[in-house]
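Undergrad: Below are the structure tokens for one structure; questions will follow.
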Amino acid sequence: MFKLSELVRWLGLTEFEILVNLCGLLVFTITLAVKLSAAGSTGGVLPELVGDWFTVFSPLFFIDICNAYFCVIVGIRMYLDSDNKRKALHRFMWSTYFLVLIAIFKYLLCLKLSGKTGLEYSEVFSPIFVLLQLVAVRACQLPNSI
Amino acid sequence: MTLAHRALFTWFIVLVFLILLCLRLDPHTTWNWFVTFTPLWFFDCILIVYVIIKFIRKWRNLNRLTHLLLLYKWNIGGVLLTITSQVMICLTLEYPQQIPIYVTITPLILLLSTAIFYVGSRLGKREGWLR
């Protein structure tokens with residue numbers, strides 16, 4: 001449906017960030033499977049997970065930190081090198097929104113799965129819905145000629 | 001379809017899926033997981049049609065089938081692995097404890113590995129990819 005360059009244009013992420021996110025997702029999938037299989041062997045009907053959910057989500061938090069570092073470096077370099085300071089600032093702000101909202105969602109999901117909060121799933125997913133609105137605005141700003 | 005139309009269509013599908021997922025995760029609803037994944041099935045159908053149309057457009061130029069398959073190997077592999085992953089996740093959620101978790105995540109891991117390889121190869125070909 002989409003080429004990689006089109007995704008980069010729409011989501012405002014570089015190929016490198018997409019690659020880092022995919023690697024983190026791969027590691028997260030493996031840790032999740034290990035946790036779920038450990039829970040399954042204890043005999044619970046629903047997977048009561050052994051250990052902490054924050055451990056399972058640690059690869060995702062780690063890639064968030066990596067992406068934040070990458071975005072800060074790119075933001076500073078763009079600001080210093082480029083004549084268009086506004087563009088650099090715009091890119092930095094978008095990356096910040098993206099990373100913060102995703103990180104909040106993961107944190108709330110961890111709390112919910114650990115049973116440390118009484119929030120409903122609709123409230124846990126609220127950062128993702130806010131992010132979706134921002135992504136929709138970006139989609140509307142795309143040129144109609146492509 | 002232009003990029004804006006495709007992006008908005010995908011956005012709408014994801015939005016509907018997330019709303020259905022939130023409703024399903026609430027303890028009050030007990031829908032079938034295959035029903036919850038309906039927007040994604042719809043998106044998969046569109047993807048299949050999209051790939052078939054691309055395939056047929058090239059087919060008119062009388063290319064060999066193996067050449068066409070090689071040309072669209074990423075598209076075909078991606079769609080097949082996506083659909084397999086979704087089916088396995090739905091089956092595991094609907095019938096817990098009956099399917100080993102490693103069987104469930106195998107297509108997902110293959111899909112992610114393929115995507116990593118694809119993005120990595122594209123990244124390797126580019127110069128100045130940090131911009």
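Undergrad: What chymotrypsin sites (Phe, Trp or Tyr not before Pro) in the stretch B:1-90 are in a loop by DSSP, with at most 14 other Cβ atoms within 10 Å of the Cβ?
TA: Values: sites: B:9, B:11, B:12, B:17, B:31, B:33, B:34, B:37, B:41, B:42, B:43, B:50, B:55, B:59, B:72, B:74; in loops: B:31, B:37, B:72.
In loop regions of the stretch B:1-90 (DSSP not H, G, I, E or B), the sparsely surrounded chymotrypsin sites (Phe, Trp or Tyr not before Pro) are B:31.
Undergrad: As a test of the formula, what do you get for chain B when each DSSP H run with n ≥ 4 contributes -39,500 (n - 2.57) and the sum is divided by the residue count, at 222 nm and rounded to the nearest 500 deg cm²/dmol?
TA: Values: 6 runs with 103 residues, N = 131.
Estimated from H runs of four or more residues: -26500 deg cm²/dmol.
Undergrad: Give the average, rounded to an integer, of partner chain Cβ atoms located within 10 angstrom of each Cβ in B:109-116.
TA: Averaged over the peptide's residues, the number is 5.
Undergrad: What order, most packed first, do the peptides B:94-105, A:15-26 have when packing is the mean number of other Cβ atoms within 10 Å of each residue?
TA: A:15-26, B:94-105
Undergrad: Lys and Arg at +1, Asp and Glu at -1: add these up for the other residues within a Cβ distance under 13 Å of residue A:21 and post the number.
TA: Local charge sum for residue A:21: -2.
Undergrad: When Cβ neighbours within 10 Å are restricted to other protein chains, what is their mean count per residue of peptide A:115-125?
TA: Shielding by partners across A:115-125 averages 2.
Undergrad: Could you give the length gained by full extension between residue B:73 and residue B:31, i.e. 0.36 nm per residue of separation minus their alpha carbon distance, to one decimal place?
TA: 11.6 nm
Undergrad: Next question. Quick one: net charge of residue B:24's neighbours, Cβ under 14 Å, K/R +1, D/E -1?
TA: On the way: positive: none; negative: A:120, B:26, B:94.
For residues surrounding residue B:24, the net value is -3.
Undergrad: While we're looking at this one, here's another question. How many Cβ atoms of partner chains, on average, are near each residue of A:20-30 if near means within 10 Å of its Cβ?
TA: 4
Undergrad: Here is a follow-up. 7 Å from Cα along Cα→Cβ at both residue A:93 and residue A:30: what's the point-to-point distance in nm?
TA: Going from the residue A:93 label point to the residue A:30 one covers 4.0 nm.
Undergrad: Which helices, taking whole DSSP H runs in chain A, have alpha carbons extending 27 angstrom or more along the helix axis plus mean Kyte-Doolittle at least 0.5?
TA: A:15-42, A:58-81, A:85-114
Undergrad: With unit charges on the beta carbon (Lys/Arg positive, Asp/Glu negative), name the residue among B:18, B:93, B:108 whose Cα is farthest towards the positive pole of the charge dipole of the stretch B:1-108.
TA: B:108
Undergrad: Here's another thing I want to ask about it. Please report the net charge: other residues with Cβ closer than 13 Å to the Cβ of residue A:6, K and R +1, D and E -1.
TA: Surrounding charge for residue A:6 is +4.
No value in this document is a laboratory result; all are computed from the given coordinates. Owing to the predicted nature of the structure, the values given are computational and were not obtained by experimental measurement. Glycine gets a Cβ as well: all are built from the backbone with ideal geometry, and neighbour counts include every protein chain shown.
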